[in-house]
Amino acid sequence: MSCHILAGIDFSAPSPQVARRLIGVTLLVNGVGGRIVEVEAYDREDPASHSFSGQTARNFAMFGPPGHAYVYLSHGIHWCLNLVCREEGHGAGVLIRALEPLAGLEQMAARRGLAEARLLCSGPGRLGQALGVTRELNAMALDAAPFELLPRKGRVQVAVGPRIGISKAVEVPWRFGLAGSPYLSRPFR
């Protein structure tokens, strides 16, 4: 099962457009998750992207069809979740950086070893741990279990700024967040 339009978002669109539209969408993995409050866009033409140097065994899912997961291990310890966009073969995605935890808080707290809601999913590594993200989710369709994407309700004010923790294309304003959210990994300037 696969679809490129999920939660009212066309995942075949450019990654910055998909990223902005993801703010406020609810993301669940096996019923655990919350409202997306921070993301970063990446594209094959972007030197900070995993897809910049072409397809490899590690990043093959990023070149797959839109509306699928791209999961990778960061620094050998953190599983990070990306949502693939653009047409198959292009190599673009959106890194989910932070959620406002809304569902499965007890499971998240147990996985993270802490109970402070603000710290459960504020950062891509924390989010991956809280949601139980592993390599097994790599290349899976987002329109089927264990994933669920629910459309945002109402309007949201989106903050925009440069991405975090990269050494190339640091000035590119492809980090998007829910303005004023206490669940961000880092405030917007």
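Structure above, values below:
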| item | result |
| --- | --- |
| Over the chain, relative contact order from alpha-carbon pairs under 8 Å, at least 6 apart, % | 28 |
| Label point distance in nm, R189-A57, each placed 7 Å from Cα along Cα→Cβ | 4.0 |
| Debye, to nearest 20: dipole size of the chain, +1 on Lys, Arg Cβ, -1 on Asp, Glu Cβ | 520 |
| Estimated vicinal HN-Hα couplings, Hz - segment 83-89 in sequence order (Karplus 6.51, -1.76, 1.60; Gly, Pro = x) | 10, 6, 9, 6, 6, 4, x |
| E136/A179 FRET efficiency (R0 30 Å; Cβ-Cβ; nearest 0.05) | 0.30 |
| Extended-chain gain in nm, criterion 0.36 nm per residue less alpha-carbon gap, L102 and S74 | 7.6 nm |
| Burial ranking of peptide ranges 142-151, 32-41 (average Cβ count within 10 Å, highest at the top) | 32-41, 142-151 |
| Helix-only mean residue ellipticity at 222 nm for the chain, each DSSP H run of n ≥ 4 adding -39500 (n - 2.57), per residue, nearest 500 | -3500 deg cm²/dmol |
| Rg/Rg_ref, segment 5-178, where Rg_ref = 2.2 N^0.38 Å and atoms are Cα | 0.94 |
| R118 versus I5: modelled label distance in nm, points set 7 Å from Cα along the beta carbon direction | 4.0 |
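Readers should treat all values here as calculations from the given coordinates under stated rules, not as data from a laboratory. Predicted model only: the values in this text are computed from it and were never measured. All Cβ positions, glycine included, derive from the backbone under ideal geometry; neighbour counts span all protein chains shown.
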